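One structure is given below, encoded as structure tokens.
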Amino acid sequence: MSLNLIDENKIKDSFASIGQEQIFRFWGELNRTERSILLNQLEQIDPLECQDAWKEINLLPTPVLNLQPPPAIRSTDPLDTGLVSMHESGEEMLAKGKVAAFTVAGGQGTRLGHNGPKGTFPCTPLKKHSLFQHFAENLSFFTKRFGKCPRWFIMTSQENHTQTRKYFEKNQFFGLDKNRVTFFQQGMMPAFSMDGKILLQEKNQLVMSPNGHGGSLKALVESGSIGLMEEEEIECISYFQVDNPMVYCMDPTFIGLHKASGSEMSSKAVKKLSSEERVGTFVQNGESLQVLEYSDIPQKISKEKLKNGSLRFGLGSIAIHMLERNFVHRVAGSEKTKSQGLKYHGAHKKVCCLDKEGSRVHPSQPNAIKAETFVFDALPLACDPLLVEINREEEFGPIKNPSGSDSCSSSEKLQISRNQRWLKVIGVPERLNKVEISPLFAPTLPYFLEQTSKFPLDLKKLSKESALIELQNT
Ligand code: UTP
């Protein structure tokens, strides 16, 4: 689209008025087409939001005076008989189609360095199914159980949207009804230099990056997904990240607890491994349940110990939430700023960009600040938020890095030990070094117990020490 001179001046003025005139540093070198590419990009960006974001990134953390460990319900044993009624009411919600699954997959996955969207990364120990396939099979289990595929919303970003869609199309949506899977893109924000100047990728193009998983709330509304849920009377959303293959994508017990407590947003928590673990920490700040990001929590607080030696603030966030549809609507419809009232945080990253002379910089140290909002910042805005402590070995095996901690190999090990534990629960005597349990057969421990009580276990031996448990002909 070509813009007239009035529009051009308006855009230039609006960025100059927030001290970002350097965006036009190379204007004189650009031809007509190049100029209109830049102007079209700038038209999509709200200068006031950029200004607010930079201010919020630089706000000193509010002093934390009287933090307390938050109250949490313990649900560390998925087979806890005390929670059976919760499981049943969660199942009822699922059977009535009241719950949608929601995967946030818009991140750049820079640490993993995989060629393609993170969701296409192979994650299971034997079959090497991708994260997306693994989640699709989880949802297929519920399709078979309740006769209808749950709605699945997948948030992508500009960088990986087309590739993600194509991947599902190429794989026939892994057997899911493609009309039940909705992809939508999250918003993007410019990246800043360390002194707050918006960076250029090219002489006529800004460096842009996804606006953080907090952007998912706004994107759910703007994409029409919340409207679709309203039409179908879907009440709540099971939120999970694309990089944790061990997540219970749909967890009836968690859904039941969430509904029974009347909570607008519920979160799962696990015991942190140490005060240094790079996960957010749940705290009670007066009336508010909050998550303090690992970079924001004062050391004195994170290291505090109880008499028994455990961490006083020992509950970490693993980014698994239940969200009420109406809550998302309310929060994301907030007039305050485009960031829907969620504060921007700054992530220090290495970003290729142009320097003042127009030469390309390939930094070896972080040189840029990306502006991101976090979904857990919605917790203090929720009525009656609920925290549920679960067993980390059961549901948390993230894949973030190519090796070492939170990598594919650490996740595989955790998946295998979980599968070994499940087999032990049903009394399988032999110890298999490698075992994979297809989510088509059972996506959670309670379902595994139910399935194996109905059908003889079909261990497909791959070698002396490894086996697959797949869907049986039932
Ligand atoms: P991470 O914070 O681990 O970021 O995202 P990432 O982009 O996947 O990886 P790095 O930091 O570049 O290595 C946690 C989850 O939140 C999603 C990611 O896709 C992942 O599921 N996410 C993150 C978004 O959907 N959008 C974002 O803007 C950021």
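The values are calculated or read from the model by the stated rules, or taken from the named source; none is laboratory data. From a predicted model like this one, the values you see are computed outputs, not experimental measurements. Cβ sites come from the backbone with ideal geometry, for glycine too, and all protein chains shown count toward neighbours. The accessibility values were calculated without ligands, DNA or RNA, using every heavy atom of the protein model including side chains. Shrake-Rupley method; radii C 1.70, N 1.55, O 1.52, S 1.80 Å.
Could you tell me which residue of region 307-328 is surrounded by the fewest Cβ atoms within 10 Å (Cβ to Cβ), considering only residues that are among the small types (Gly, Ala, Ser), within 15 Å of the ligand (Cβ to nearest atom) and at negative phi?
We begin by selecting, within region 307-328, every residue among the small types (Gly, Ala, Ser); these are 309-310, 314, 316-317, 319.
Add one more test, that the residue is within 15 Å of the ligand (Cβ to nearest atom), and what stays is 316-317, 319.
Next cut, at negative phi only: 316-317.
Values: 316: 21, 317: 24.
Only one residue tops the list, namely 316.
If I ask for residues that are open to solvent by less than 10 Å² (accessible area, probe 1.4 Å) and over 18 Å from residue 36 (Cβ atoms), which ones from region 197-206 would you list?
198
Select from region 207-219 the residues that are open to solvent by less than 20 Å² (accessible area, probe 1.4 Å) and not in a loop (DSSP other than H, G, I, E, B) and list them in ascending order.
209, 210, 215, 216, 217, 219
Residues of region 285-306 being farther than 13 Å from residue 377 by Cα and open to solvent by less than 40 Å² (accessible area, probe 1.4 Å), which ones?
Within region 285-306, 297, 301, 302 qualify.
Conditions tested, residue by residue: (1) open to solvent by 30 Å² or more (accessible area, probe 1.4 Å); (2) in contact with a Lys or Arg (Cβ under 9 Å, 6 or more places away or on another chain); (3) assigned to a helix (DSSP H, G or I).
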residue: 19; (1), (2), (3): no, yes, no
residue: 40; (1), (2), (3): yes, no, yes
residue: 48; (1), (2), (3): yes, yes, yes
residue: 90; (1), (2), (3): no, yes, yes
residue: 108; (1), (2), (3): yes, yes, no
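Scan region 109-152 residue by residue and report those that are touching a residue at least 40 places away in the same chain (Cβ under 8 Å), in contact with an Asp or Glu (Cβ under 8 Å, 6 or more places away or on another chain) and farther than 12 Å from residue 242 by Cβ.
Once the filter is applied, which keeps residues that are touching a residue at least 40 places away in the same chain (Cβ under 8 Å), in contact with an Asp or Glu (Cβ under 8 Å, 6 or more places away or on another chain) and farther than 12 Å from residue 242 by Cβ, region 109-152 yields 124, 125, 126, 127, 151.
Return the only residue of 57, 23 being in contact (Cβ under 8 Å) with a residue 12 or more places away in the chain, among the β-branched types (Val, Ile, Thr), surrounded by 14 or more Cβ atoms within 10 Å (Cβ to Cβ) and away from the ligand (no atom under 16 Å from the Cβ). Walk me through it before giving the result.
Values: 57 fails: away from the ligand (no atom under 16 Å from the Cβ).
Exactly one of 57, 23 is in contact (Cβ under 8 Å) with a residue 12 or more places away in the chain, among the β-branched types (Val, Ile, Thr), surrounded by 14 or more Cβ atoms within 10 Å (Cβ to Cβ) and away from the ligand (no atom under 16 Å from the Cβ), namely 23.
Are there any pairs, at least 6 apart or on different chains, whose C-beta atoms fall under 7 Å, with the first in region 235-251 and farther than 19 Å from residue 90 by Cα and the second within 12 Å of the ligand (Cβ to nearest atom) and of a type outside the set (A, V, I, L, M), and if so, which?
Partner pairs satisfying both residue conditions: 242/103; 242/118; 242/119; 243/118; 243/398; 243/400; 244/398.
Inside region 152-171, can you point out the residues that are open to solvent by 20 Å² or more (accessible area, probe 1.4 Å) and touching a Ser or Thr at 6+ places or on another chain (Cβ under 9 Å)? Let's see the steps before the verdict.
As a first pass, look at region 152-171 and keep what is open to solvent by 20 Å² or more (accessible area, probe 1.4 Å): 158-159, 161-163, 165-167, 169-171.
Those that are open to solvent by 20 Å² or more (accessible area, probe 1.4 Å) and touching a Ser or Thr at 6+ places or on another chain (Cβ under 9 Å): 159, 162, 163, 165, 167, 171.
Residue 52 - would you say it is charged (D, E, K, R), buried (at least 19 other Cβ atoms within 10 Å of the Cβ) and more than 16 Å from the ligand (Cβ to nearest atom)?
Working: charged (D, E, K, R): yes; buried (at least 19 other Cβ atoms within 10 Å of the Cβ): yes; more than 16 Å from the ligand (Cβ to nearest atom): yes.
Yes, satisfied.
Filter region 383-407 down to the residues that are within 14 Å of the ligand (Cβ to nearest atom) and open to solvent by 30 Å² or more (accessible area, probe 1.4 Å) and list them by number.
400, 401, 402, 403, 404, 405, 406
Output the qualifying pairs, or none if there are none: Cβ atoms under 9 angstrom, residues six or more apart or on different chains, first residue in region 216-230 and in contact (Cβ under 8 Å) with a residue 60 or more places away in the chain and closer than 15 Å to residue 101 by Cα, second residue part of a helix (DSSP H, G or I) and charged (D, E, K, R).
220/325; 226/325; 229/325; 230/325
Take the residues of region 103-141 that are among the small types (Gly, Ala, Ser) and at pLDDT 95 or above: which is farthest from the ligand (Cβ to nearest atom)? Even if it seems obvious, please write down each step before you answer.
Restricting attention to region 103-141, the residues satisfying the condition of being among the small types (Gly, Ala, Ser) are 105-107, 109, 113, 116, 119, 130, 136, 140.
Next cut, at pLDDT 95 or above only: 105-107, 116, 119, 130, 136, 140.
Numbers: 105: 5, 106: 3, 107: 2, 116: 13, 119: 8, 130: 14, 136: 16, 140: 21 Å.
Across region 103-141, the extreme among qualifying residues is 140.
Tell me which residues, restricted to region 463-473, are at pLDDT below 65 and open to solvent by 90 Å² or more (accessible area, probe 1.4 Å).
Across region 463-473, the qualifying residue is only 473.
Would region 413-423 turn up any residue that is within 16 Å of the ligand (Cβ to nearest atom), open to solvent by 20 Å² or more (accessible area, probe 1.4 Å) and within 23 Å of the chain's Cα centre (by Cα)?
So in region 413-423, the residues within 16 Å of the ligand (Cβ to nearest atom) come out as none.
Within region 413-423, none of the residues are within 16 Å of the ligand (Cβ to nearest atom), open to solvent by 20 Å² or more (accessible area, probe 1.4 Å) and within 23 Å of the chain's Cα centre (by Cα).
Tally up the residues in region 172-191 that are open to solvent by 50 Å² or more (accessible area, probe 1.4 Å) and over 18 Å from residue 226 (Cα atoms), please.
Residues meeting the conditions: 4.
Could you say whether any residue in region 172-179 is among the charged types (D, E, K, R), modelled with pLDDT under 95 and over 22 Å from the mean Cα position of the chain (by Cα)? Break it down into steps so the answer makes sense when it comes.
Going residue by residue through region 172-179, those that are among the charged types (D, E, K, R) are 177-178.
Among the residues that remain, those that are also modelled with pLDDT under 95 are: none.
Looking through region 172-179, none of the residues is among the charged types (D, E, K, R), modelled with pLDDT under 95 and over 22 Å from the mean Cα position of the chain (by Cα).
Can you name the number of the only condition in (1) under 23 Å from residue 15 (Cβ atoms); (2) in a helix (DSSP H, G or I) that residue 158 fails?
(2) is the only condition that residue 158 fails.
Taking the conditions exactly as written (surrounded by fewer than 22 Cβ atoms within 10 Å (Cβ to Cβ), away from the ligand (no atom under 16 Å from the Cβ) and in a loop (DSSP other than H, G, I, E, B)), does residue 148 satisfy them or not? Give the derivation first.
On the way: surrounded by fewer than 22 Cβ atoms within 10 Å (Cβ to Cβ): yes; away from the ligand (no atom under 16 Å from the Cβ): yes; in a loop (DSSP other than H, G, I, E, B): yes.
Yes, satisfied.
Among the residues of region 241-273, count how many are surrounded by fewer than 24 Cβ atoms within 10 Å (Cβ to Cβ), within 16 Å of the ligand (Cβ to nearest atom) and not in a loop (DSSP other than H, G, I, E, B).
2
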